[in-house]
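First up is the structure itself, then whatever we jot down about it.
The values are calculated or read from the model by the stated rules, or taken from the named source; none is laboratory data. All of these numbers come straight from a predicted model, not from anything done at the bench. We place every Cβ from the backbone using ideal geometry, glycine too, and count neighbours over all the protein chains shown. Note: accessible area is taken over every heavy atom of the protein model, side chains too, but ligands, DNA and RNA are not part of it. Shrake-Rupley method; radii C 1.70, N 1.55, O 1.52, S 1.80 Å.
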Amino acid sequence: MILEFPRTYPADEAERRLPDLATAHALLDERAAPLEALLARRRVQWRALTPDAEALALLARTEDAVRLAYARLALRHGSLGTDFHAYHNEGHILEICAGRIDRLCDTLGADGLSLRDGCALMLFGAGHDLRQREAPQLVGGVGANERASIEETQRILDACGFSRERDADLYTATELMIAGSTFDARPLPGGHLYNAADLVQNGGALAARLDQTLDARRPDWRADADLLHARQLALVAADLDTANVAEPFRKFATTAENLCREREMLSGRSLSAGESALPVLGFLTDGQDRFFFELHRFQSEPGRAAFESGKQANASKLKALCMGLRARIAVHGRPESGDQVIAAYRETLADLVD
């Protein structure tokens, strides 16, 4: 490990049930069809980059690692388990590894992304959200879920034929990419929100400040070519993770709803109860406005080139959605439940995009 965190995160029940590719295949069966279609398409695209035996073996190992991570997340927090998370499930792997990497590749062109970097980004997409139930604790700016996901992702690499010596650059890259995906949305001390200037030091994706974490833990990191490159990949990975802001507006708005549902579930609030009404309203209005306009920034040149125009196209629509939802709620007075707010949110969205 590069960052040397003080504790480790052992395998949980999902990892013990799915220790290898064979058990993952047995669990997924025909339900792996969306993933297999993606991997087949990616294989055709990327074989042309460097069609030698070593490159094809790397691509095959990457596919196997993505399959195993996909099965683990489906069992742990997705459609095949009992602890469903509305956002952090196997569908999020497809969002990043399919459409967002496609858009990045289209923007960069045929020669803009090496096969090895492409595989690294696929491994990030598959592994960065594997663990979602760790007790919150930031260490060096890196969240507990991210630290646990780093460790599990690297065990997946071990299980799928990667070598910690031969593929040391990919182990380094996955560690820094997943660490950099930690997203800090906490208010400043005293209840103040971040402003644009504060983003240099506080809030948003850790990738923007990963050099500070490395300075504290590996002061000589700038002399290591693998670490320099991994840090650049971490910026791109953070952009892929947060590029929901650039999706077609209905999809972006649905993402917000799913995140809201997941947050209320993790907070122990029922959407049918009155206690969820104001938290849901706040998340879908002030919370989304703050995320979009204050906390979120694309960190890499490739990320900006691929996604910034999509974000800008959504900016005025998000403002309209937030204002429209507030106005719709105000007509009826204080909402009675989170479900009622979500229903009003969907009606307001339909008015904007249908």
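Among the residues of the stretch 232-255, just one is more than 20 Å from CYS97 (Cβ to Cβ) and either touching a Pro at 6+ places or on another chain (Cβ under 6 Å) or crowded, with 22+ Cβ neighbours inside 10 Å (or both), namely ALA253.
Within the stretch 58-90, the set of residues being over 18 Å from THR153 (Cβ atoms) and out of contact with any helix residue (DSSP H, G or I) (no Cβ under 6 Å at 6 or more places or on another chain) comprises SER79, THR82, PHE84.
In the set (1) small (Gly, Ala, Ser); (2) surrounded by 24 or more Cβ atoms within 10 Å (Cβ to Cβ); (3) in contact (Cβ under 8 Å) with a residue 60 or more places away in the chain, GLY180 fails one condition alone, (3). Within the option set SER300, SER316, SER276, SER272, being surrounded by fewer than 13 Cβ atoms within 10 Å (Cβ to Cβ), in contact (Cβ under 8 Å) with a residue 12 or more places away in the chain and among the hydroxyl-bearing types (Ser, Thr, Tyr) holds for one residue only, SER272. Taking the condition assigned to a helix (DSSP H, G or I), under 27 Å from VAL139 (Cα atoms), in contact (Cβ under 8 Å) with a residue 12 or more places away in the chain and of a type in the set (Gly, Ala, Ser), does ALA14 pass? Answer is yes for this residue. Residue count for the stretch 8-55, restricted to those that are open to solvent by less than 40 Å² (accessible area, probe 1.4 Å) and among the hydroxyl-bearing types (Ser, Thr, Tyr): 1. When the residues of the stretch 110-124 are filtered to those that are at pLDDT below 95 and open to solvent by less than 30 Å² (accessible area, probe 1.4 Å), the one that is farthest from ALA48 (Cα to Cα) is LEU113. Small (Gly, Ala, Ser) and open to solvent by 70 Å² or more (accessible area, probe 1.4 Å): does that describe ALA330? So ALA330 fits the description; yes.
Elements of the type helices (runs of 4 or more DSSP H) sitting completely within the stretch 34-147 and holding at least 3 residues that are farther than 29 Å from PRO10 by Cα and free of Cβ contacts under 8 Å to residues at least 12 places away in the same chain: these cover 53-77.
With respect to the conditions (1) open to solvent by 60 Å² or more (accessible area, probe 1.4 Å); (2) under 24 Å from the mean Cα position of the chain (by Cα), LYS311 falls short on a single one, namely (1). What about ALA343, is it farther than 25 Å from ASP106 by Cβ, at pLDDT 95 or above, of a type in the set (Gly, Ala, Ser) and open to solvent by less than 60 Å² (accessible area, probe 1.4 Å)? Yes: the conditions hold for ALA343.
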